[in-house]
Amino acid sequence: MCGRYASFRQAQELADIFTVDVVSPVAAGIAPSWNVAPTTPVRLIYEMAIDGQLFRTLDAAAWGLVPTWAKDRSLGARLINARSETVAEKPSFRGPLAYSRCVVPMEGYYEWQAASDGKQPYFISATDGAPLAAAGLYSLWKDELLTCTILTRAARPGLARIHDREPVFLSHISTWLNPSVRDRAEAAALLNGPTPELTARPVARTVNSVRNNGPDLIAPAGTQAT
């Protein structure tokens, strides 16, 4: 799963990197974070067709998808991730897979590996240092709350020793975001494309608490300032 990540680039920098047309005021106002946690506001990118023209938007949503049919928003806390293998079948996700796909930009994410003295956190990021585009889905609940989830897949061999799942990272986002792709099977097949090379490094256990935030969280273990 993906339950914590880092997103510290400014909104305009992300807009330039991902060729965004519109940046919402809410997305622009989200502060850099090295410890993004579930249910908090996060940035996402989606496309909408207006008068036959596609507009790519950087917006903000609560992390944890609340389906349109949910009675209350509490369900979102349990739907921060969606398994790519079954996303086309699950009632919570099959609608958004067809109509509401997005990308969740991040600098990297955290996973924890069991150790003799507790769990060791790792920060996993693109080997080339570029921002990552995690495949996601979004939903507008009661016409007032935008929420999202991050898709996951079986971890590649180099990362499976840390955790058996990893986010689905897209190397090419245009087709995934294109709202004209409405077939669920076709959309799900896009999750099997090429993915960026990733590198993992152990980091300090201060990341375990969501109250801690700052660049030191992604520094290699043992190099943090005291």
Study note, to complete from the structure: Taking segment 76-108 and keeping residues closer than 23 Å to Ala27 by Cα and not in a strand (DSSP E or B) leaves Gly76, Ala77, Leu79, Ile80, Pro96, Leu97, Tyr99, Ser100, Glu107
Check your understanding: Quick check, is Ala27 touching an Asp or Glu at 6+ places or on another chain (Cβ under 6 Å), within 15 Å of Val103 (Cα to Cα), at pLDDT 95 or above and surrounded by 13 or more Cβ atoms within 10 Å (Cβ to Cβ)?
Key -> yes
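For (1) in contact with a strand residue (DSSP E or B) (Cβ under 8 Å, 6 or more places away or on another chain); (2) surrounded by 17 or more Cβ atoms within 10 Å (Cβ to Cβ), each residue gets a yes or a no:
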{"position": "Pro91", "(1), (2)": "no, no"}
{"position": "Arg101", "(1), (2)": "yes, yes"}
{"position": "Ser116", "(1), (2)": "no, no"}
{"position": "Phe123", "(1), (2)": "yes, yes"}
{"position": "Leu132", "(1), (2)": "yes, yes"}
{"position": "Leu137", "(1), (2)": "yes, yes"}
{"position": "Leu140", "(1), (2)": "yes, no"}
{"position": "Asp143", "(1), (2)": "no, no"}
{"position": "Asp164", "(1), (2)": "yes, no"}
Practice item. Return only the number of the condition from (1) part of a helix (DSSP H, G or I); (2) in contact with a strand residue (DSSP E or B) (Cβ under 6 Å, 6 or more places away or on another chain); (3) not hydroxyl-bearing (Ser, Thr, Tyr) that Leu151 does not satisfy. Key: (1)
Point to revise | Flag if Arg43 is under 15 Å from Val103 (Cβ atoms) and either under 17 Å from the mean Cα position of the chain (by Cα) or surrounded by fewer than 18 Cβ atoms within 10 Å (Cβ to Cβ) (or both) | key: yes
Point to revise | Cross-chain or 6+ apart pairs with Cβ under 8 Å, segment 177-192 first and surrounded by 13 or more Cβ atoms within 10 Å (Cβ to Cβ), then among the hydroxyl-bearing types (Ser, Thr, Tyr) | key: Leu177/Tyr46; Pro179/Tyr99; Val181/Thr175; Ala188/Ser84; Leu190/Thr175; Leu191/Ser84
Revision key, fill the gap. Filter segment 203-217 for residues that are surrounded by 14 or more Cβ atoms within 10 Å (Cβ to Cβ) and aliphatic (A, V, I, L, M); the one that is farthest from Lys119 (Cα to Cα) is Leu217
Review point. In segment 71-88, how many residues are among the aliphatic types (A, V, I, L, M) and out of contact with any Lys or Arg (no Cβ under 9 Å at 6 or more places or on another chain)?
Key: 4
Check your understanding: Which of (1) within 14 Å of the chain's Cα centre (by Cα); (2) crowded, with 18+ Cβ neighbours inside 10 Å does Arg83 not meet, given it meets every other one?
Key -> (2)
Point to revise | Some residue of segment 144-153 being out of contact with any Asp or Glu (no Cβ under 7 Å at 6 or more places or on another chain) and modelled with pLDDT under 95 | key: yes
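The values are calculated or read from the model by the stated rules, or taken from the named source; none is laboratory data. Remember, it's a predicted structure, so these values are computed and weren't measured experimentally. Here Cβ is always computed from backbone atoms with ideal geometry, including for glycine, and neighbour counts include all displayed protein chains.
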